[in-house]
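Visitor: The structure is given below, and queries will be raised subsequently.
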């Protein structure tokens, strides 16, 4: 199986206060409109999770992922031994390309977790 090449995840950082944000027009901290684009490494941690079930589709794990760069993004998380219910808060994730993933919501997959039990 060949490794998947993930698309770049671009976020903004305020030129004045250096606060990171995702898909904003103005800085959420200082209100500046001077935002520079940066490329994320694509690694993060799940900060909140909700399993969404729809009648016409398989359940999805919709999460807020905090990237290593400090910005939080809404996303879909794939993986988990028990499907989307196997994704948990604190899980390490990485950006991925998946068939059927949404263009407006980044998709992540679980990585080996260094968390002690």
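Read-outs throughout are calculated quantities, based only on the coordinates presented, and are distinct from any laboratory measurement. Every value quoted in this text rests on a predicted model; they were computed, and no experiment measured them. Note that each Cβ is placed from the backbone with ideal geometry, even for glycine, and that neighbours are counted across all protein chains shown.
Visitor: Any idea how far apart residue 52 and residue 37 come out in nm if each label point goes 7 Å out from Cα toward Cβ?
Guide: Between residue 52 and residue 37, the label points sit 2.5 nm apart.
Visitor: Something else: Order by neighbour count: 48, 56, fewest other Cβ atoms within 10 Å first, most last.
Guide: Ranked by crowding around the Cβ, least crowded first: 56, 48.
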